[in-house]
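Step one of this worksheet: look at the structure below.
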Amino acid sequence: MITSIQGTLAAATPLHAVIELNGLGYEVNIPVTTAEKLPSPGALVKLHTLVIYREDAQTLYGFATPAERDFFRLMIENVTGIGPKSALAIMSRLSLALLEGAIRSGDIATLAKVPGIGKKTAERLVVELKAKVGGGDASAVAGASGESAPIEPNAHRDAVAALVALGYKAGDADQSVRRAALSLGAKATTEALIKKALG
């Protein structure tokens, strides 16, 4: 099994990256949350990967951190009706910290707002993953080389909650906090994340 790939980023879109390694170009399907962390084309990048084999295709999925890859695998292997495409859509809309928090707290409304995921699928995510979702310490922000620097998951969740209280939609608040975290770094406090996201 291919668990990671490191090479030169040849091209990237919000849902795909092409990584050149030893004269070969590997197309990797990625969530938007990983695309946000990619360096400029031409730079060295490392993605943590999962290969899915089907009768008619072999598809490579890549993530900024091993925790994101493992959560992707958890969804497609344990939740009825969630395949790679749906799991990628979910992880494109919500950061790992917010996703795990929503599952742990049974926040079906936040999960159901992901395009293509209705209330029933959101309920299945909660029911089938609640016991499997850890303490939430797995969230991380990846640097240009793909090395992970943990960000305080409570700071991320608290900043998102504050923005939601101010009237932001959960997905938009999460995206703003992710951008703030990328800019401020792993040691950012809740207050700093909120200020940056609002600025």
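State whether one or more residues within segment 132-139 are at pLDDT 90 or above and either β-branched (Val, Ile, Thr) or at negative phi (or both). The answer is no; no qualifying residue exists.
Condition test on Val28, is it under 17 Å from the mean Cα position of the chain (by Cα) and over 18 Å from Leu182 (Cβ atoms)? The answer is yes for Val28.
For every residue, the table says whether it meets (1) modelled with pLDDT under 90; (2) in the same structural domain as Thr8 (by TED's automatic domain parsing).
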site	(1), (2)
Pro39	no, yes
Ser92	no, no
Gly101	yes, no
Arg124	no, no
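Note on segment 104-130: residues that are within 15 Å of Leu74 (Cβ to Cβ), among the charged types (D, E, K, R) and within 17 Å of the chain's Cα centre (by Cα) total 1. Go through segment 146-164 and count every residue that is part of a helix (DSSP H, G or I), surrounded by fewer than 19 Cβ atoms within 10 Å (Cβ to Cβ) and modelled with pLDDT under 80. The number of residues fulfilling the criteria is 1. Quick check on segment 50-62. Is at least one of its residues of a type in the set (A, V, I, L, M, F, W, C) and closer than 26 Å to Ala173 by Cβ? Within segment 50-62, not a single residue is of a type in the set (A, V, I, L, M, F, W, C) and closer than 26 Å to Ala173 by Cβ.
The values are calculated or read from the model by the stated rules, or taken from the named source; none is laboratory data. None of these values were measured; they are calculated from a predicted model. Please note: Cβ atoms are built from the backbone with ideal geometry, for glycine as well, and neighbour counts cover all protein chains shown.
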